[in-house]
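> One structure, as structure tokens, below. Some questions next.
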Amino acid sequence: QVQLVESGGGLVQPGGALRLTCAASVAGASLNVMGWYRQAPGKQRAWVARITNSGTTNYANSVKGRFTISRDNAKNTVSLQMNSLKPEDTAVYYCYGDVVYMNSGTRGYWGQGTQVTVSS
């Protein structure tokens with residue numbers, strides 16, 4: 001019923017750019033706060049960015065000034081523009097979304113992840 005699917009990952013050189021997109025299928029429910037997380041091998045999943053329904057954004061210090069999160073509420077998509085990429089940005093990137101159900105509360109969903117590799 002509810003799916004979050006990431007796309008746009010790949011291999012990029014240091015200093016390069018990549019744009020990730022998360023497409024949400026929510027079957028009549030509503031998306032609330034959306035965000036991006038990442039997980040490198042042997043590391044815990046770490047928060048990267050979030051965006052509210054009204055467009056307020058927050059970023060982890062490690063990506064501030066380089067990454068930009070955005071959303072298109074009409075299309076139920078959220079994107080992460082990643083500029084000035086560094087090798088330490090290498091990770092699997094996951095889309096996260098809070099889904100609001102009428103009379104059923106909220107539930108969090110994760111995408112399947114997309115690999116981003118920054119290497120020369």
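The values are calculated or read from the model by the stated rules, or taken from the named source; none is laboratory data. All figures in this text were calculated on a predicted structure; none of them were measured in a lab. Neighbour counts run over all protein chains shown; Cβ positions are idealised from the backbone, glycine included. Quick note on the areas: whole protein, heavy atoms, side chains included, nothing else; ligands and nucleic acids left out. Shrake-Rupley method; radii C 1.70, N 1.55, O 1.52, S 1.80 Å.
> Under 23 Å from the Cα of Lys64, which lysines turn up, not counting those fewer than eight places away in the same chain?
Lys43, Lys86
> Separate question: What accessible surface, in Å², does a 1.4 Å probe find on Trp110, ignoring ligands, DNA and RNA and rounding to the nearest 10?
In the full protein context, Trp110 sits at about 110 Å².
> Can you give the net charge of the other residues whose Cβ lies under 15 Å from the Cβ of Asn61, counting K and R as +1 and D and E as -1?
+3
> Assuming R0 = 41 Å, what is the FRET efficiency of Ala60 and Ala27, from their Cβ-Cβ distance, to the nearest 0.05? Please report the intermediate quantities before stating the final value.
Details: r = 31 Å, r/R0 = 0.75.
That gives a FRET efficiency of 0.85.
> Could you tell me the ratio Rg/Rh of the chain? Both radii from Cα atoms, Rh via Kirkwood.
Reported Rg/Rh, Kirkwood definition of Rh: 0.98.
> Then there is this: log₁₀ I(q)/I(0) of the range 13-71 at q = 0.15, 0.21, 0.28, 0.30 Å⁻¹, via Debye over equal Cα point scatterers, no solvent, to two decimals?
-0.55, -0.97, -1.31, -1.36
> Dipole size in debye (nearest 20) for the range 19-115 around its Cα centre, Lys and Arg Cβ +1, Asp and Glu Cβ -1?
About 160 debye.
> Counting only heavy atoms of the protein chains, get the accessible area per residue of the chain (1.4 Å probe) and round it to a whole Å² value.
Accessible area per residue: 53 Å².
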